[in-house]
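Presented below is the structure to which this report refers.
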Amino acid sequence: MDPLNMTTLDFELATQLAATTLRHARALGVRPLAAAVLDGAGHPLAVLRDEHASSLRPRTATGKARGCLGLGVGGRELARRAQAMPAFFDAINSLTDGEVIPVAGGILLRNIDGHLLGAIGVSGDTSDNDERCALLAIEALGLIADTGEVQA
């Protein structure tokens, strides 16, 4: 099935997306990553960790994706909001047992119609490099990324 016309994200595409993200990290020479792909309801479909990535990376990646889904915006917008409203994000993290990580590297996944399919979170290098690896994988697999970046 064409990913651009999908209405739900399945585990096969989620696994491909996570694995392709880790492969891009290796090809680019960035630090070892973990990638977590969640469906639209926030349930994990694929969580992969490069064997050299540290043990907290999968949880961090999941937190990046979960925050995007929970608040409906990409990681870059989450970061802006967290900076502007720290008390709100303290409350959100209190409600979610610290499972919202508002930084780049969390990306909403959409189809051609803008329908939300899920999210990917990546952790292991700088947030910019985490995001870059995910964006390359998203493009390679024919999905549309929503990073929360304001379009000029």
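The values are calculated or read from the model by the stated rules, or taken from the named source; none is laboratory data. If you're wondering where the values come from, they're calculated on a predicted model, not measured in any experiment. Ideal geometry is used to build each Cβ from the backbone, glycine not excepted, and the neighbour counts take in all protein chains shown. Calculation scope for accessible area: heavy atoms of the full protein, side chains included, ligands and nucleic acids excluded. Shrake-Rupley method; radii C 1.70, N 1.55, O 1.52, S 1.80 Å.
Does at least one position in segment 64-74 carry a residue that is charged (D, E, K, R), assigned to a helix (DSSP H, G or I) and within 12 Å of the chain's Cα centre (by Cα)?
Just the residues of segment 64-74 that are charged (D, E, K, R), to begin with: 64, 66.
Okay, now just the ones that are also assigned to a helix (DSSP H, G or I), so 64, 66.
Filter again for within 12 Å of the chain's Cα centre (by Cα), leaving 64, 66.
Within segment 64-74, one or more residues are charged (D, E, K, R), assigned to a helix (DSSP H, G or I) and within 12 Å of the chain's Cα centre (by Cα).
(1) open to solvent by 20 Å² or more (accessible area, probe 1.4 Å); (2) part of a loop (DSSP other than H, G, I, E, B); (3) under 25 Å from GLU77 (Cβ atoms); (4) of a type outside the set (Asp, Glu): which one isn't true of GLY42, the others all being true?
For GLY42, the failing item is (1).
Of all residues in segment 3-25 being of a type in the set (S, T, N, Q) and in a loop (DSSP other than H, G, I, E, B), which is farthest from GLY106 (Cα to Cα)?
In the first step, residues of segment 3-25 are kept if they are of a type in the set (S, T, N, Q); the result is 5, 7-8, 15-16, 20-21.
With in a loop (DSSP other than H, G, I, E, B) added as a condition, the list becomes 7-8.
On the way: THR7: 20, THR8: 19 Å.
The selected residue is THR7.
Suppose we filter segment 68-92 for residues that are surrounded by 12 or more Cβ atoms within 10 Å (Cβ to Cβ) and polar (S, T, N, Q); how many remain?
Selection size over segment 68-92: 0.
Condition first: free of Cβ contacts under 8 Å to residues at least 60 places away in the same chain and buried (at least 20 other Cβ atoms within 10 Å of the Cβ). Now tell me which residues in segment 93-109 satisfy that.
Here is the first cut: in segment 93-109, the ones free of Cβ contacts under 8 Å to residues at least 60 places away in the same chain are 93-108.
Across segment 93-109, the qualifying residues are VAL100, ILE101, PRO102, VAL103, ALA104, GLY105, GLY106, ILE107, LEU108.
In segment 37-70, how many residues are within 14 Å of ALA104 (Cα to Cα), out of contact with any Asp or Glu (no Cβ under 6 Å at 6 or more places or on another chain) and not β-branched (Val, Ile, Thr)? Break it down into steps so the answer makes sense when it comes.
Residues of segment 37-70 within 14 Å of ALA104 (Cα to Cα): 60-69.
In the following step, the residues that additionally are out of contact with any Asp or Glu (no Cβ under 6 Å at 6 or more places or on another chain) were identified as 60-62, 64-65, 67-69.
Next cut, not β-branched (Val, Ile, Thr) only: 61, 64-65, 67-69.
Qualifying residue count for the region: 6.
Among the listed residues ILE112, ILE120, identify the single one that is open to solvent by 50 Å² or more (accessible area, probe 1.4 Å), closer than 27 Å to THR8 by Cα and either touching a residue at least 60 places away in the same chain (Cβ under 8 Å) or assigned to a helix (DSSP H, G or I) (or both). Can you show your working first?
On the way: ILE120 fails: open to solvent by 50 Å² or more (accessible area, probe 1.4 Å).
Criteria check complete, one pass: ILE112.
Is it the case that some residue within segment 125-141 is open to solvent by less than 60 Å² (accessible area, probe 1.4 Å), over 24 Å from VAL30 (Cα atoms), of a type in the set (A, V, I, L, M) and touching a residue at least 24 places away in the same chain (Cβ under 8 Å)?
Within segment 125-141, not a single residue is open to solvent by less than 60 Å² (accessible area, probe 1.4 Å), over 24 Å from VAL30 (Cα atoms), of a type in the set (A, V, I, L, M) and touching a residue at least 24 places away in the same chain (Cβ under 8 Å).
Restricting attention to segment 45-57, and to residues there that are in contact with a Leu (Cβ under 9 Å, 6 or more places away or on another chain) and either open to solvent by less than 40 Å² (accessible area, probe 1.4 Å) or not in a strand (DSSP E or B) (or both), which single residue is farthest from ARG132 (Cα to Cα)?
ALA46
Do you know which residues across segment 16-38 are surrounded by fewer than 21 Cβ atoms within 10 Å (Cβ to Cβ) and either closer than 14 Å to LEU143 by Cα or aromatic (Phe, Trp, Tyr) (or both)?
Answer for segment 16-38, where residues must be surrounded by fewer than 21 Cβ atoms within 10 Å (Cβ to Cβ) and either closer than 14 Å to LEU143 by Cα or aromatic (Phe, Trp, Tyr) (or both): GLN16, THR20.
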